[in-house]
Amino acid sequence: MRAVRSGRLNRDHETSRDFGTLGAVTETKRRRIDLIQDADFLVGLDVLAIDDLRSRRSMCDDLDVELSYYRRMLHGRMDLLAFEMRRRAGEEEQTLLEALPRILSEGAYTSAPGLPERSVPIEVPDLPKPGRRLVDRALDSDFLARLPSMADDELRDIQTFLSEVEVDVSRHRRIVHTTLDRLQEELTRRYREGLADPGELLTGA
């Protein structure tokens with residue numbers, strides 16, 4: 001289980017001081033997922049300063065927590081939407097509000113095949129302020145209130161939209177997980193070969 005570093009999710013952008021020396025990659029502000037996807041992010045890990053290596057791992061850890069939270073929220077909306085469509089088709093007897101506790105507790109939506117499950121905190125992370133991202137639109141706060149009054153065509157459109165956003169968020173999580181594994185491999189190698197002090201982990205390094 002990876003240690004989750006809380007309190008670092010209040011930015012949607014990072015600068016060079018946050019993750020070490022990446023050369024031209026850090027000349028301008030970029031989204032963390034864009035930085036992590038950049039080919040240079042994993043270049044030269046064997047000669048990277050230990051603090052920079054840990055900083056990159058922390059960035060990935062934080063982004064994994066954020067993306068995991070978005071996926072859970074998206075799955076909840078997809079479950080609610082699916083129930084409302086079944087109710088209108090005569091397959092459910094309860095109203096949406098009556099069934100709300102059951103829907104949220106059962107969580108019919110399952111994770112995408114092949115996406116590893118990792119331990120993440122239950123509490124709401126410190127998220128970036130809502131903006132114009134697709135996930136911000138998908139997690140519109142008045143979704144539940146509007147759901148019963150939506151036309152059938154709108155329900156289907158939203159179902160397609162939520163599914164597309166969930167696929168995109170899951171794809172980003174896969175990228176983050178792959179990068180995390182590579183960073184952890186390098187850290188483990190240094191500890192094993194005596195190039196770094198594993199005792200520093202006990203101090204939160």
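S141 fulfils the conditions (1) modelled with pLDDT of 75 or more; (2) farther than 19 Å from R171 by Cα except for a single criterion, (1).
A quick yes/no check of all residues on (1) buried (at least 17 other Cβ atoms within 10 Å of the Cβ); (2) under 17 Å from S55 (Cα atoms); (3) at pLDDT 95 or above; (4) not acidic (D, E):
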{"site": "V167", "(1), (2), (3), (4)": "no, no, yes, yes"}
{"site": "R173", "(1), (2), (3), (4)": "yes, no, yes, yes"}
{"site": "T179", "(1), (2), (3), (4)": "yes, yes, yes, yes"}
{"site": "T188", "(1), (2), (3), (4)": "no, yes, no, yes"}
{"site": "D197", "(1), (2), (3), (4)": "no, yes, no, no"}
{"site": "E200", "(1), (2), (3), (4)": "no, yes, no, no"}
{"site": "A205", "(1), (2), (3), (4)": "no, yes, no, yes"}
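Taking the criterion of being at pLDDT 70 or above and either surrounded by 12 or more Cβ atoms within 10 Å (Cβ to Cβ) or small (G, A, S) (or both), the residues of the stretch 107-136 that qualify are P125, D126, L127, P128, P130, G131, R133, L134, V135, D136.
Of the residues that make up the stretch 52-59, is at least one without any contact (Cβ under 8 Å) to a residue 60 or more places away in the chain, part of a loop (DSSP other than H, G, I, E, B) and farther than 30 Å from R156 by Cβ? Among the residues of the stretch 52-59, not one is without any contact (Cβ under 8 Å) to a residue 60 or more places away in the chain, part of a loop (DSSP other than H, G, I, E, B) and farther than 30 Å from R156 by Cβ, which makes the answer no. Which members of the stretch 172-194 meet the condition of being out of contact with any Leu (no Cβ under 9 Å at 6 or more places or on another chain) and without any contact (Cβ under 8 Å) to a residue 12 or more places away in the chain? Once the filter is applied, which keeps residues that are out of contact with any Leu (no Cβ under 9 Å at 6 or more places or on another chain) and without any contact (Cβ under 8 Å) to a residue 12 or more places away in the chain, the stretch 172-194 yields T178, D181, T188, R192, E193, G194.
Scanning the stretch 66-77 for residues that are more than 19 Å from Q159 (Cα to Cα) and either crowded, with 22+ Cβ neighbours inside 10 Å or in contact with a His (Cβ under 6 Å, 6 or more places away or on another chain) (or both) turns up E66, L67. Restricting attention to the stretch 78-106, the residues that are among the β-branched types (V, I, T) and surrounded by 14 or more Cβ atoms within 10 Å (Cβ to Cβ) total 1.
The values are calculated or read from the model by the stated rules, or taken from the named source; none is laboratory data. Keep in mind that what you see is a predicted model, and the values were worked out from it rather than measured. Positions of Cβ are backbone-derived with ideal geometry, glycine not excepted, and every protein chain shown enters the neighbour counts.
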